1. Picking from 247, 291, 270, which residue would you name as being away from the ligand (no atom under 14 Å from the Cβ), assigned to a helix (DSSP H, G or I) and under 18 Å from residue 394 (Cβ atoms)?
2. For segment 139-146, check the following and say yes or no: at least one residue is under 11 Å from residue 350 (Cα atoms) and surrounded by fewer than 21 Cβ atoms within 10 Å (Cβ to Cβ).
3. Restricting attention to segment 300-316, which residues are away from the ligand (no atom under 12 Å from the Cβ), modelled with pLDDT of 90 or more and small (Gly, Ala, Ser)?
4. Just checking, which of 50, 72, 54 is modelled with pLDDT of 95 or more, over 30 Å from residue 198 (Cα atoms) and among the aliphatic types (A, V, I, L, M)?
5. With respect to the numbered conditions (1) surrounded by 21 or more Cβ atoms within 10 Å (Cβ to Cβ); (2) farther than 16 Å from residue 329 by Cα; (3) small (Gly, Ala, Ser), which one is the sole condition not fulfilled by residue 79?
6. Examine segment 109-120 for a residue that is closer than 22 Å to residue 31 by Cα, within 16 Å of the ligand (Cβ to nearest atom) and modelled with pLDDT of 95 or more, and state whether such a residue exists.
7. With segment 316-405 as the region, which helices (runs of 4 or more DSSP H) entirely inside it contain at least 3 residues that are without any contact (Cβ under 8 Å) to a residue 24 or more places away in the chain?
8. Checking the condition farther than 30 Å from residue 136 by Cα and either of a type in the set (Ser, Thr, Tyr) or surrounded by 17 or more Cβ atoms within 10 Å (Cβ to Cβ) (or both), which residue from 345, 413 passes?
Amino acid sequence: MEREKWGSKLGFMLAAMGSAVGLGNIWRFSFVAGNNGGGAFLLLYLAFVVVIGVPLLLTEVSIGRKAESDVVGSFKKLAPGTPWFLSGFFGVLSAFLILSFYAVVAGWSIYYFWEYLTGKFFSEPAEGYGAAFGQFTAHAWHPLLWTALFMILTIGIVFSGVKNGIEFANKIFMPLLAIILIILAFYSISLDGAAEGLKFLFQPNWASLKDPSIYIAALGQAFFSLSLGMGAMLTYGSYLTKENKLPSATLGIGLMDTFFAVISGLVIFPAVFAFDIDPSSGPPLVFITLPGIFEQMPGGGIIGLVFFFALILAALSSSVSILEVPTAYFMRVCNWSRRFTSILMGSIMFILGITVSLGFGIWSGVTPIGDKNVLDSMDYVASNILLPLGGLAMALFVGWYFKKSEALEATDMTNLPVLRTLWHVVIKFLAPILIILIFLNKLGIIF
Ligand code: PHE
């Protein structure tokens, strides 16, 4: 069977930006920044995006384009008879872990959208938004209906192949999401008490840099937000043809993703402080602060409605790229149809998601890692460990297994004199060394 291809470079760009921009920029970014002290975290995160993220993004997409295969198959094809392909399994595994909690959180977003649509969240419920969220997520099966709905939508898109639907939707909803976020940021900054939030986000507290956890958290966030290290970008790259130039495309994706993260920080933190919410309240953070802002705005109910709609689309354009990773892999190795594979993979992820959802209710005492509930534990293993390991393998692969000329050709860097040397030094030495140091530091072995 002929492998599928993007219709155009724009189609690829939109799909890759859609993959990068999602719940990671709004939901995950704000609670991870909140847990890690704000300003110092933001700086580290930005540094990692520039130094490691964008060069690795270029590397990952180029592996896929060169090999025209999935995350395991690409290594097999480019390095036959070597164990490199084993690193692809980090990606397949993290796809299962990530989509199972991603779908739960996206399900919450659909529920919020529904509550706005029916007018229920136009004004604060008697118990407050925080308690309303707590009651909803603690219910045994109610949130799962919304998770299932989100999963069905995701499967539906992957099932239909390389996607006109999602490319089209992204073209409309990404700009819409950006506009809404900018309006909200202005509003949030104008709230009484907002200055504290801006200080929290932009005035680094250098003492937080002493904690090794902040480095791994910032690294994990950079990987998660750029969809790096899992093979999502690799798989998307595998549907590209050689005429498309990669360096400018990857830079565009990195810029867009960072823009969405910073702007959502500007929405969330001023409001967090204005409403006296604890910035380290974890995954529920945006589901409590945002309705609070909407409620105070004239016409806020409508803004809430449109906001959650755009958030669902942003989540959907990311979740399809996650589901595509194991789908492309199992289609090839088991020779299954796209339809069967996407349904099977999506169903397994949904079942895993049940444990995540119950972790907010009857299983709230279940803490697989330290004091982390099921969601936080899965997220920790996938984002902070598996994604960086996957990225490390890709950097080493292109940096050391490829000849320099081959690496430059694969990434379209041959004609960019200074940049190409910089990029090559980064993926051959700097990025791998940094990732390894951060791991060793976190394990308490160095510093
Ligand atoms: N980047 C996506 C987001 O920010 C999530 C994602 C992670 C997608 C890993 C693909 C791979 O929401």
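The values are calculated or read from the model by the stated rules, or taken from the named source; none is laboratory data. The model shown is predicted, which means the values in this text are computed figures rather than measured ones. So basically every Cβ, Gly included, is an ideal-geometry build from the backbone, and we count neighbours across all protein chains shown.
1. Answer to the selection: 247.
2. Yes, segment 139-146 has at least one match.
3. 301, 304
4. Sole residue among the options that is modelled with pLDDT of 95 or more, over 30 Å from residue 198 (Cα atoms) and among the aliphatic types (A, V, I, L, M): 72.
5. (1)
6. Applying the first criterion (closer than 22 Å to residue 31 by Cα) to segment 109-120 yields 109-113.
If we keep only those that are within 16 Å of the ligand (Cβ to nearest atom) as well, we get 109-110.
Checking the rest, the ones that are also modelled with pLDDT of 95 or more come to 109-110.
Within segment 109-120, one or more residues are closer than 22 Å to residue 31 by Cα, within 16 Å of the ligand (Cβ to nearest atom) and modelled with pLDDT of 95 or more.
7. 338-358
8. Details: 345 fails: farther than 30 Å from residue 136 by Cα.
It is 413.
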